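Heads up, the thing below is written out as structure tokens.
The values are calculated or read from the model by the stated rules, or taken from the named source; none is laboratory data. Only a predicted model underlies this, so the values are computations on that prediction, with no experimental measurement involved. Cβ coordinates were reconstructed from backbone atoms using ideal geometry, including for glycine residues, and neighbour counts include every protein chain displayed.
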Amino acid sequence: MTKKIIVFFMAALLIFQLAACGNMGQKTQNAEKQSPPSDAEGMDASDTEASAESAGATESEGKVANGKTLVVYFSWSTSGNTRKMAEYIQEQTGGDILELVPANPYPTDYNETGDVAKAERDENARPEIAGLPDSISEYDTIFVGYPIWWHTAPMIIGTFLENYDLTGVDIYPFSQSASMDTEQFDNSMDFVRENAKGADVHDGLFAEADDTDGIMDYLTANGFIQNSMGSNILIAYFTVPETDGIDTVASASRVATADGVMGNTEFIASEIQKNLGGDLFRIETVQEYPGTHNALLESAYNEKSDNARPELSSHIDNLDSYDYIFVGYPNWNADLPMPLYSFFDEYDFSGKTIIPFVTHGGSGFSGTVQTIQKLEPDATVIEAGLSVSRNSVSNAQDDVKKWTDSIIKN
């Protein structure tokens, strides 16, 4: 069982904790809540003609980036949203946990506590903390959690931060508030930076207390969570966005995102990387494929008729670094695009696990998983791949997440 460092001041504090804690600047509303924090890429011409492609809580292994982790939190009310967030972070990271308990308990009346909190903020007070450890030098990563009080962090957080030499320590603030006002959280981040002298204060987490997916995404993005596959994942994909004037937003063969226009398969590959990490690798050819739909269909059809092996212009330099190879492609002529045959001819994936995903206009995998098994007989090819219709690509994030979660669990 993970060790906990929990400081109790007196039993009376537990008895008189209130059921509301949030932004003390909005006394009647911002209480802590009760619950815890495709081708042409997708255009399979009747599934026999070329389909040319146009166009991120999983059970995880916790880790600490650089040594021991401490999760520090202040949570005033019996609803305990900040406490719940802290405990969830502690469970996922495997760190220790420390509750900050004021030496002089706050009033049990919500409005009275709000008045005290406002006075402390106005005076930039440093309330005394009961039973603080003499040293926390064994920790080089500290999560610091708190509710929003009067548009910033409670002053007791300043007490904690100023009590220790935090030079070189990585600090990750986290908070929740019924108002979910990001400007107030930004104010609290400024307060943490001002008082954590010499520390590296990272961008914080501001989320609903019960948003475990959001918390996990934050922990994963900051390197605290590894999926069961580890980091040795390669996501290889082939994509040929059409460029012949099809409306970017309305087109069923490409996706407009905040990062620009992506081919359908490229978009799915990027979503897989958000969920699992790993490296992206685009399978590219020396020849340039046509940008117009009909010409692309004809080119793909001719390549298949000729059993062609288009020359590849992109190559994997460090294949030995990867154990899991995700391979994505559009369905062309109810088959793999011929550049995929070139790809599998070039590399020996013996002993590795290949996980296929496809974008299509209605024909799904069309036996391509079995084709990959024949091309790579000494690899493990996962048959439960991901098949995404061209009409669903732009809204496929949840489906991709469910699929990647199932891959990890199985």
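Residue count for the range 285-302 satisfying the condition of being within 38 Å of the chain's Cα centre (by Cα), of a type in the set (A, V, I, L, M, F, W, C) and at pLDDT below 95: 3.
Please specify each residue of the range 115-150 satisfying the condition of being in contact with a Pro (Cβ under 9 Å, 6 or more places away or on another chain) and under 20 Å from F185 (Cβ atoms).
A117, E120, R121, F143, V144, G145, Y146, P147, I148 - these are the residues of the range 115-150 that are in contact with a Pro (Cβ under 9 Å, 6 or more places away or on another chain) and under 20 Å from F185 (Cβ atoms).
Remark: pairs (first residue in the range 350-365, farther than 20 Å from R390 by Cα; second residue of a type in the set (G, A, S) and modelled with pLDDT of 95 or more; Cβ separation under 8 Å; 6+ apart in sequence or on different chains) = S350/A379; G351/A379; K352/A379; T353/A379; I354/A379.
Which residue, of I171, I136, is of a type in the set (A, V, I, L, M) and assigned to a strand (DSSP E or B)? Unique residue meeting the criteria: I171.
Could you list, in sequence order, all residues of the range 152-168 that are farther than 12 Å from F74 by Cβ and either polar (S, T, N, Q) or part of a loop (DSSP other than H, G, I, E, B) (or both)? Passing the criteria: T152, N163, Y164, D165, L166, T167, G168.
If the condition is being small (G, A, S), touching a Ser or Thr at 6+ places or on another chain (Cβ under 9 Å) and surrounded by fewer than 17 Cβ atoms within 10 Å (Cβ to Cβ), then the range 180-227 contributes only G198.
How about the range 263-294: which of its residues are under 20 Å from P356 (Cβ atoms) and among the aliphatic types (A, V, I, L, M)? If the condition is that a residue be under 20 Å from P356 (Cβ atoms) and among the aliphatic types (A, V, I, L, M), then I268, A269, I272, L276, L280, I283 are the ones that fit.
Do the conditions hold for E376, that is, is it in the same structural domain as T243 (by TED's automatic domain parsing) and closer than 18 Å to I233 by Cβ? Spelling it out, E376 is indeed in the same structural domain as T243 (by TED's automatic domain parsing) and closer than 18 Å to I233 by Cβ. Screening the candidates I316, I407, I325 for the property of being of a type in the set (A, V, I, L, M, F, W, C), modelled with pLDDT of 95 or more, out of contact with any Gly (no Cβ under 9 Å at 6 or more places or on another chain) and under 30 Å from D213 (Cβ atoms) yields one hit, I325.
Kindly evaluate G114 against the criterion of being surrounded by fewer than 16 Cβ atoms within 10 Å (Cβ to Cβ) and over 28 Å from the mean Cα position of the chain (by Cα). Answer is no for this residue.
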